[in-house]
Amino acid sequence: MRFIKEITPKGLLLPVTAARLVGFEANEKAEYHTLKGAMVVLKGQMTAMELLAAARSLQELAVELHTHLARVCGQCDGCGENAENGGEGCPLANLEADGIELPDDLRREAGIPEGTKLCAEVDEEENTVTIFPAGYDHDLRDIPPETLEMFLAANVCLGELEERLMVGDPVYGG
């Protein structure tokens with residue numbers, strides 16, 4: 001069950017109804033786990049079966065969230081290429097793990113903060129390559145390999161996924 005609550009200046013108040021639905025008792029301790037983009041509240045003490053049920057529920061939520069993102073991105077059409085008819089399929093399927101690297105001294109001299117994603121532009125007439133900050137924070141290289149493999153196996157459009165990562169617009173919630 002999902003509850004939507006606003007965070008107020010006093011904090012985030014959990015509805016008593018939600019606490020009772022998951023089996024929290026009055027005056028029972030709760031354990032908060034802060035994660036990237038999420039917070040999980042667990043009972044302070046659990047039996048082995050309660051712990052297994054909580055872990056299973058978290059796995060189901062992870063599947064639900066991945067499925068939501070897959071639906072937002074849609075199915076891969078090979079970026080217009082049909083792999084069965086001689087096309088190469090999705091050009092992002094064989095993504096190189098490494099991005100553009102620049103020695104620290106050159107990065108500092110150029111005023112580019114450490115950790116900034118980089119792009120490169122080739123000028124074939126001048127035989128030069130210009131490296132510059134990417135202008136976005138995330139791309140497919142930020143997705144754990146096992147998650148990327150899962151999306152690839154599910155035929156999720158990696159181009160749309162990368163676009164969503166680079167733009168950074170919300171893809172979940174209202």
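The values are calculated or read from the model by the stated rules, or taken from the named source; none is laboratory data. The shown structure was predicted, so the numbers you read here are calculated from the model rather than taken from an experiment. Neighbour counts are summed over all protein chains in view; Cβ atoms, including those assigned to glycine, are modelled from backbone coordinates with ideal geometry. Protein only, heavy atoms only, side chains kept; ligands, DNA and RNA dropped before computing areas. Shrake-Rupley method; radii C 1.70, N 1.55, O 1.52, S 1.80 Å.
Taking amide H positions as modeled 1.01 Å from N, with prolines and chain starts lacking one, the residues under 5 Å from LEU118 and 5 or more places away or on another chain are ILE100, ALA134.
So what is the relative contact order for the chain, in percent, with contacts set as C-alpha pairs under 8 Å and at least six apart? That works out to 17 percent. For region 22-27, the Karplus equation 6.51 cos²θ - 1.76 cosθ + 1.60, evaluated at θ = phi - 60°, returns couplings of 8, x, 6, 9, 4, 6 Hz by residue, with Gly and Pro reported as x. Rounded, prolate or oblate: pick one for region 1-74, where a ≥ b ≥ c are the square roots of the eigenvalues of its C-alpha gyration tensor, a/c under 1.5 means rounded, and failing that, prolate if a/b is larger than b/c, else oblate. Oblate, because a/c is 1.5 or more while a/b does not exceed b/c.
Rounded to the nearest 500, the helix-only mean residue ellipticity at 222 nm of the chain stands at -10000 deg cm²/dmol, with each DSSP H run of n ≥ 4 adding -39,500 (n - 2.57). The heavy atoms of THR17 present about 90 square angstrom of accessible area, all protein chains included, probe 1.4 Å.
Taking the 1.4 Å solvent-accessible surface of the chain as the whole, the part contributed by carbon and sulfur is 53%. Summing Cβ point charges (Lys, Arg +1; Asp, Glu -1) relative to the Cα centre of region 106-155 gives a dipole of roughly 280 debye. In this structure the amide hydrogen of VAL156, modeled in the peptide plane, comes within under 5 Å of the amide hydrogens of CYS76, none closer than 5 places in sequence on its chain.
All other residues whose Cβ lies under 13 angstrom from that of TYR136 are scored, Lys and Arg at +1 and Asp and Glu at -1, for a net of -3.
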